[in-house]
Each structure stands twice: as C-alpha cells, then as structure tokens.
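The values are calculated or read from the model by the stated rules, or taken from the named source; none is laboratory data. What you are looking at is a predicted structure, and each value in this text was computed from that prediction instead of being measured. Neighbour counts are summed over all protein chains in view; Cβ atoms, including those assigned to glycine, are modelled from backbone coordinates with ideal geometry. Ligands, DNA and RNA are excluded from the accessible area calculation, which covers all protein heavy atoms including side chains. Shrake-Rupley method; radii C 1.70, N 1.55, O 1.52, S 1.80 Å.
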There are 2 protein chains.
Amino acid sequence: MRLTRTDVEKAAAAIEGRVRRTPVVEAGPGIWLKLECLQYSGSFKVRGAFNRIVAADLPASGVIAASGGNHGLAVAYAARALGVRAEIFVPEVCAPVKIAGLRALGAEVMVTGAIYAEALEASRERAAETGALELHAYDQAEVVAGQGTLALELEQQIPGLDTVVVAAGGGGLAGGVRAAFGGDVVVVEPELIPTIHEALRAREPVGVAVSGVGADALGASRAGRIALDVLQDRVTSVLVTDEAIAEARRTLWRDHRVAAEHAGAAAYAALLSGRWEPAPGSTTAIVVCGSNTDPATLA
Amino acid sequence: MRLTRTDVEKAAAAIEGRVRRTPVVEAGPGIWLKLECLQYSGSFKVRGAFNRIVAADLPASGVIAASGGNHGLAVAYAARALGVRAEIFVPEVCAPVKIAGLRALGAEVMVTGAIYAEALEASRERAAETGALELHAYDQAEVVAGQGTLALELEQQIPGLDTVVVAAGGGGLAGGVRAAFGGDVVVVEPELIPTIHEALRAREPVGVAVSGVGADALGASRAGRIALDVLQDRVTSVLVTDEAIAEARRTLWRDHRVAAEHAGAAAYAALLSGRWEPAPGSTTAIVVCGSNTDPATLA
C-alpha cells in the first residue's frame with residue numbers, strides 16, 4: 001500500500017518531543033533553508049529511527065542495524081534515548097572515529113566484513129538469531145513515514161510554501177516528503193549516484209554505481225521500493241555535479257555559517273548551479289539534511 | 001541619558017529586513033540556544049552597524065571603523081548592503097585571511113600601526129579629515145540599541161522567557177539586551193578578560209588586562225559607558241575559565257552541530273561549568289553570539 005500523508009501525520013504524533021523541530025532561515029527572496037543539519041545525531045535519520053522503534057513491540061535483544069554513517073548514528077541515538085539495546089554492524093573499512101562515535105552513543109558495534117553488503121548480511125543473520133528489530137536505512141514504511149515528518153514542520157514554518165528541494169540516496173527522506181507534502185518536490189542526486197533518477201526512468205529499482213563526494217551518505221545503489229512507490233509521480237529529478245555540491249557546501253558555511261556534510265549541501269547545489277530554478281514568485285524550502293562531517297573541510 | 005527599551009524598539013524598526021531573525025533551538029528542559037552565530041557577517045555586530053548607519057546623515061566619504069574582527073566584518077557587510085563606502089583600519093598583526101574577508105565584502109582596508117590602539121587612532125585621524133561616519137565597536141548609543149534587538153526577538157520566540165545569558169566584551173550586546181529585556185540578564189566573561197565584572201565593582205570603566213581564547217572577540221580592555229549605565233543594576237556577572245569556554249564550544253558542535261567561535265560559546269560555558277544555574281522551572285535563553293572561527297578547530 002502506498003504511503004500517505006496520514007502515515008506521516010501518525011509518525012509525527014509518535015515521535016513528538018523526541019526529535020528537534022529544526023529551524024528555517026531565509027537565504028534569499030522566497031528561498032528558505034531547513035536546517036535539519038542541527039537535528040539530533042546530525043541528520044534527519046533520527047526521525048525514521050524513532051518512528052520505527054516506538055511503533056514496534058520490542059524484544060529484549062533490542063534493535064539492530066548495519067551502517068557506519070548517519071543511519072547508524074541515528075539508530076544508536078534513538079535507542080539510547082528510549083533505553084533500548086542497539087547493535088550496529090559496520091564493515092572493516094569503517095573509520096575508527098565513526099566507530100568511536102557509535103560507541104559513545106552506547107551502541108554495541110560489530111565490525112564485520114570487508115564491505116557494507118557483508119556487514120548488512122551479518123546483521124541479518126544476527127537478527128534472525130536474536131530476534132532483534134531490524135532498522136533498514138530507507139526501505140521500511142515506518143522509516144520513510146518518520147523522515148516525512150520534516151515536511152509537516154516545513155508547512156507550519158513557511159506559510160505558502162510551494163516547493164521542497166531534497167537530496168536522495170535510497171529515497172527515504174524524499175519519499176516521506178513526497179507522501180506528506182501537497183506542493184512540488186524536487187529530488188536532487190549527485191550525477192555519480194543517480195539511484196532515484198534511474199529508478200524513475202525504469203519505473204523500478206535498478207542497481208547503479210556509487211562514487212563521489214556524496215557516497216558516504218547518499219550511496220544507496222538501489223532505490224527503496226516504498227519510497228519509489230510515492231516518488232513515481234509528481235517529482236522533478238535533478239542531477240548535480242560533485243563540484244557543484246562542494247561549492248554549495250562552501251557557500252553554506254561562508255555566507256550562512258551553516259555546517260553541512262556534502263550530502264547536506266546537494267539540494268542547495270541544484271539551485272546554486274542553475275540545474276533547477278524556482279518558479280518566479282514562488283516559495284522554496286531547501287533541506288540541509290545532515291552535518292556529520294569533519295568541520296576542518298568546511299572552509 | 002540611559003538607554004531604554006524604546007531606543008531598542010526604534011532600532012528594531014530601523015533595521016527590519018536588514019538582519020536575520022536568527023532561530024532558537026531547545027538544548028534541554030527550559031534551556032534554549034539563540035543561534036546568533038547564523039547572523040549575517042557571522043555575529044550579532046551587524047545589528048548595531050546597520051542601526052548606526054541608517055540613523056546617520058551619511059557623508060560621501062561613507063563610514064569608517066577600526067577592527068580586524070567581528071565589528072569590522074559587520075561594518076563592511078552593512079555598508080555593502082546599504083551601498084555605502086567603508087574604510088576599515090586594522091593593525092599590522094591582523095591575519096591576512098581576515099583582511100581578505102574584509103576586502104571580499106567590498107571594504108577598503110587600511111593596514112596601519114603595530115597594535116589595535118594605533119589602528120584606531122589612525123582611523124580617527126582619517127575620519128577627522130574626510131568626515132566619514134565613525135562606528136565604534138560598542139560605545140555608541142545606536143550601536144548598543146541595535147545589538148539589543150536580539151532580546152526583542154527572543155521575547156517573541158520564547159514565551160515566558162525568564163533569563164537571557166550573554167557574553168560580554170565592551171558590553172554592547174549585554175547593554176542592549178539589558179535595556180530591552182524585562183527579565184534577568186546574566187553577563188558572562190572569561191576570567192582572563194573581566195572587563196564588565198571589574199567595571200561593575202568600580203562603578204565605572206576601568207582598564208583590565210586582556211588574554212586567553214576570548215581575546216579576539218571579547219578583548220575590550222575597558223567597558224563602554226553607555227552599556228555600563230544600563231548594566232549597573234539588575235545584572236548577574238559571571239566569570240568562566242578558558243577551559244570551560246573551550247569545552248562548551250566542543251559540546252555545541254558535538255551535541256548540537258552548532259559552529260561557534262570561543263566568544264560565542266562563553267555564555268553556554270557558564271551553564272555547563274556550573275558557574276551559573278537557572279532557577280528551578282525557569283526558562284533561559286543562551287546567546288551563541290558568533291561563528292567567525294576556523295571550523296577546523298571545532299572538533
């Protein structure tokens with residue numbers, strides 16, 4: 001069943017008070033930045049993580065996820081806040097600083113496998129053994145609905161909002177926003193990771209190669225089916241270069257003092273590079289979706 | 001004549017639309033962060049700069065200021081926005097990156113003198129020649145009133161706000177906030193720069209030594225008279241260690257993804273270090289007043 005605004009409204013009620021209502025700031029006439037980079041755990045992913053966990057009948061073994069990135073941090077953060085045990089599987093290539101970050105949030109970190117797919121497989125085997133609740137990074141209904149709560153906030157924060165511009169990896173955030181929001185949705189991806197773009201053309205998830213500056217946070221090689229169901233219509237798909245993403249990230253810091261990771265600057269890159277233009281007189285929200293970055297690289 | 005709330009209300013009307021209404025985010029029960037670090041030019045100083053410039057009958061020679069820091073950036077920013085010529089005097093010790101930043105904002109930068117006092121003296125001589133409007137960093141009524149507009153925003157943003165905690169150098173921001181706000185005001189300074197603290201004890205501006213991590217932005221060796229007039233009563237003065245400031249700055253980034261300069265973290269340091277405690281059940285706004293920092297030093 002296709003995800004609806006009602007699902008997102010239920011998610012918003014379920015996670016109320018658990019996530020930050022992140023602020024918006026004006027960045028030009030009719031252009032607003034949604035500072036989801038200030039969200040707990042440093043990205044929007046806590047919205048979906050909380051919604052999935054609070055909706056479940058939790059076993060004593062708690063929750064389990066595979067991710068050395070934003071999803072892992074979000075699951076660890078939400079689990080700690082809810083007093084739930086969390087096991088996070090990461091591949092051996094995961095940077096020690098990220099493992100330390102997960103452990104600092106109280107998660108048990110399992111380093112398994114050479115690449116992400118192996119860590120994911122190990123997490124699934126472990127979940128089958130323990131009965132722990134699996135949290136997928138983007139392809140579960142509660143996760144997608146949770147991410148969409150960002151759009152409900154935007155509607156309240158920006159009266160007359162016409163368009164939401166949002167980056168996509170597997171499509172969890174974009175799908176949630178599309179399900180919830182009545183206006184236009186622009187989905188932005190790096191040219192080097194056109195996951196949703198290719199899925200929309202094929203009208204089904206297809207495997208794409210993953211590389212470039214967005215790979216750590218937008219590097220889903222296949223679109224989520226739940227997200228794709230809602231994204232199939234009423235979406236403008238835009239691709240941007242890595243150079244445009246890097247430039248947008250520098251501009252966010254220089255002109256707005258907003259600290260964003262590359263993925264968090266991708267949506268803004270669509271505007272700055274001219275790949276996408278707002279309709280004259282319209283009001284646009286650009287989602288700055290994450291800030292899990294080394295700040296030394298901002299300037 | 002002592003600065004009043006009416007002066008600040010007039011300033012708010014005068015600079016409306018020129019400065020960003022910076023957002024607030026909750027940082028704990030009854031604790032809000034005012035993200036003035038997202039202000040144009042990277043600090044609250046544009047509020048006072050705009051108010052001083054728009055209130056004046058400007059000569060063709062424009063405006064003039066002495067500062068290699070937040071005040072200089074703010075004057076350059078406001079002058080450019082208003083289409084006004086700006087000369088900024090900085091001492092020879094001023095970092096090339098700061099000079100480049102001022103020039104990028106369109107200011108004419110004059111590098112004069114070994115120390116700040118000599119640059120200031122040169123700017124005064126130049127102003128006497130050209131008739132340019134001088135902008136003092138903190139001791140002019142329009143400047144202090146402009147900074148106080150931050151408190152009017154806080155009242156609207158946080159219903160039932162009891163206390164504003166704010167860092168002070170020469171006292172421009174603290175004085176403006178005290179003039180405008182009906183509740184309690186806590187003025188925080190580094191132990192190594194107790195400018196307002198000593199002035200309150202002496203009941204007049206006295207010279208203090210300046211050193212430590214806050215020196216670049218809070219390093220006024222003497223309190224402003226206009227600010228001190230309003231700060232003389234109804235203020236709690238708190239001193240914090242440089243270590244507490246550095247720790248608060250790291251915490252702002254780690255837990256809230258807020259990028260602040262050391263001065264911008266000083267107010268939060270008063271709370272985190274326990275040097276100041278909110279009354280039980282009260283509501284507090286902590287002003288994160290600037291972000292003109294090398295982001296490489298945030299983590």
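List of remarks:
- Restricting the range B:56-145 to trypsin sites (Lys or Arg not before Pro) in coil, as DSSP defines it, with at most 15 other Cβ within 10 Å: none
- Length-normalised contact order for chain B - Cα pairs under 8 Å, 6+ apart - percent: 20
- Fraction of antiparallel bridges per DSSP, chain B only, in percent to nearest 5: 15
- Using alpha-carbon coordinates, inclination of helix A:45-55 to the longest axis of chain A, degrees: 50
- A straight line joining the Cα centroids of the range B:1-70 and the range A:28-55 runs 29 Å.
- Other-chain or far-sequence residues with amide H under 5 Å of A:M110's (modelled H): A:I88, A:F89, A:V90
- Once A binds B, the 1.4 Å probe can no longer reach about 1700 Å² of accessible area, counting both sides.
- Taking every C-alpha pair closer than 8 Å and separated by at least 6 residues, the mean separation divided by the residue count of the range B:130-224 gives a relative contact order of 26 percent.
- Expected 222 nm ellipticity per residue - DSSP helices of 4 or more, -39500 (n - 2.57), all of chain B, to 500: -13000 deg cm²/dmol
- Three-way shape call for the range B:1-106 based on the alpha-carbon gyration tensor, with the a/c threshold at 1.5: oblate
- The range A:166-299: C-alpha gyration tensor shape, a/c 1.5 cut-off, then a/b vs b/c: oblate
- Shape class for the range B:46-134: oblate, because the ratio a/c of the largest to smallest gyration tensor axis (alpha-carbon atoms, square roots of eigenvalues) is 1.5 or more and b/c is at least a/b.
- The range A:142-160 and the range B:242-283 have Cα centres separated by 30 Å.
- Solvent-accessible area of chain B (1.4 angstrom probe, protein heavy atoms only): carbon and sulfur portion equals 50 percent.
- Percent RCO, i.e. relative contact order, over the range B:46-134, from Cα pairs under 8 Å lying at least 6 residues apart: 34
- Take the Cα of B:A95, step 7 Å toward its Cβ, do the same at A:A104, and the gap between the two points is 2.3 nm.
- Measuring against 26 Å, Cα to Cα, the residue pairs A:K34/B:K45; A:K45/B:K34; A:K98/B:K98; A:K10/A:K45 contain A:K98/B:K98 as the ones spanning a longer distance.
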